[in-house]
Amino acid sequence: MNYTNILKNCRIYVDMDGTMVVWKAAKSLEDLLEKGYFRGMPPYESVVTAIKILIAYGANVYALSAYMEENPYSVQEKNEWLDEFIPEIPAEKRIFCPCGTNKWEAVINASGGTPPQENLLLDDYSFNLHQWKEKGGVGIKLMNGVNGNNGTWQGEKISRFLPPLSIADEIVRVAAGIYSI
């Protein structure tokens with residue numbers, strides 16, 4: 001598949017927790033508030049590598065992640081995580097919004113009030129994908145082995161268990177349907 005032609009003007013927003021990052025369940029609320037909680041999560045290597053492939057082929061990739069306002073370390077730790085595992089996403093392409101915030105609205109706010117014209121969200125949480133779709137965006141649900149048991153998302157899906165190039169190809173396939181080539 002010719003990545004360059006499809007991805008030259010793409011804006012792909014990628015969730016972190018449960019999508020790029022292995023989400024570990026907390027034993028208590030106090031665990032979620034501890035320093036180091038977000039920083040210590042391992043990556044989904046296949047997804048991180050797929051994102052790096054897309055960026056290498058010219059995709060305009062943003063990290064789009066919710067954070068806990070109650071945890072004063074969460075944004076800093078998510079930035080540190082990105083710096084280590086996917087520094088190809090620069091600071092100006094990292095959007096953080098409080099938990100419960102509509103991610104589409106967060107993107108609009110981060111872009112100075114200009115709604116994205118063409119966009120794609122890769123996320124593991126159906127609620128976020130439904131909100132994105134309601135605003136006219138295209139969503140892809142990352143199946144991470146934990147989610148997707150209720151069948152509420154009927155749109156595009158990609159398994160994190162695929163090889164990185166297959167994940168990248170699937171994202172390009174979906175992008176090809178929404179972007180001018």
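Scan the stretch 95-106 and give yes if some residue there is over 21 Å from Lys8 (Cβ atoms), without any contact (Cβ under 8 Å) to a residue 24 or more places away in the chain and of a type in the set (D, E, K, R), otherwise no.
For the stretch 95-106, residues over 21 Å from Lys8 (Cβ atoms), without any contact (Cβ under 8 Å) to a residue 24 or more places away in the chain and of a type in the set (D, E, K, R): present.
Do the conditions hold for Ala110, that is, is it closer than 24 Å to Ile167 by Cα, touching a residue at least 12 places away in the same chain (Cβ under 8 Å) and of a type outside the set (Lys, Arg)? Quick ask: steps written out before the conclusion?
On the way: closer than 24 Å to Ile167 by Cα: no; touching a residue at least 12 places away in the same chain (Cβ under 8 Å): yes; of a type outside the set (Lys, Arg): yes.
Spelling it out, it is not the case that Ala110 is closer than 24 Å to Ile167 by Cα, touching a residue at least 12 places away in the same chain (Cβ under 8 Å) and of a type outside the set (Lys, Arg).
Just for the stretch 45-91: of the residues that are assigned to a helix (DSSP H, G or I), of a type in the set (Ser, Thr, Tyr) and open to solvent by 10 Å² or more (accessible area, probe 1.4 Å), which one is farthest from Ile158 (Cα to Cα)?
Thr49
Applying the selection to the stretch 133-152, what residues are surrounded by 17 or more Cβ atoms within 10 Å (Cβ to Cβ) and under 20 Å from Ile51 (Cα atoms)?
Passing the criteria: Gly137, Val138, Gly139, Ile140, Lys141, Leu142, Asn144.
Would you be able to say whether some residue in the stretch 22-31 is part of a loop (DSSP other than H, G, I, E, B) and of a type in the set (Phe, Trp, Tyr)?
Narrowing the stretch 22-31 to residues part of a loop (DSSP other than H, G, I, E, B): 22-28.
Checking which are of a type in the set (Phe, Trp, Tyr) leaves us with 23.
Within the stretch 22-31, one or more residues are part of a loop (DSSP other than H, G, I, E, B) and of a type in the set (Phe, Trp, Tyr).
Take the residues of the stretch 92-110 that are open to solvent by 70 Å² or more (accessible area, probe 1.4 Å) and of a type outside the set (Asp, Glu): which is farthest from the chain's Cα centre (by Cα)? Explain how you work it out, then say what you get.
Our first condition is that a residue be open to solvent by 70 Å² or more (accessible area, probe 1.4 Å); within the stretch 92-110, this holds for 92, 99-100, 109.
From what's left, of a type outside the set (Asp, Glu): 99-100, 109.
Numbers: Cys99: 14, Gly100: 15, Asn109: 17 Å.
Here the residue is Asn109.
I'm told Gly112 meets every condition in (1) modelled with pLDDT of 90 or more; (2) over 15 Å from Val61 (Cβ atoms) except one. Can you identify the failing condition by its number?
All conditions pass for Gly112, except number (1).
Return the pairs, sorted by first residue and then second, in which the second residue is open to solvent by less than 40 Å² (accessible area, probe 1.4 Å) and part of a loop (DSSP other than H, G, I, E, B), the first residue lies in the stretch 19-41 and is closer than 18 Å to Glu69 by Cα and without any contact (Cβ under 8 Å) to a residue 24 or more places away in the chain, the beta carbons are less than 7 Å apart, and the residues are 6+ apart or on different chains.
Asp31/Tyr37
The values are calculated or read from the model by the stated rules, or taken from the named source; none is laboratory data. Quick caveat: nothing in here was measured; it's all calculated off a predicted structure. Ideal geometry is used to build each Cβ from the backbone, glycine not excepted, and the neighbour counts take in all protein chains shown. To get the accessible areas, we keep the full protein, side chains included, count just its heavy atoms, and leave off ligands, DNA and RNA. Shrake-Rupley method; radii C 1.70, N 1.55, O 1.52, S 1.80 Å.
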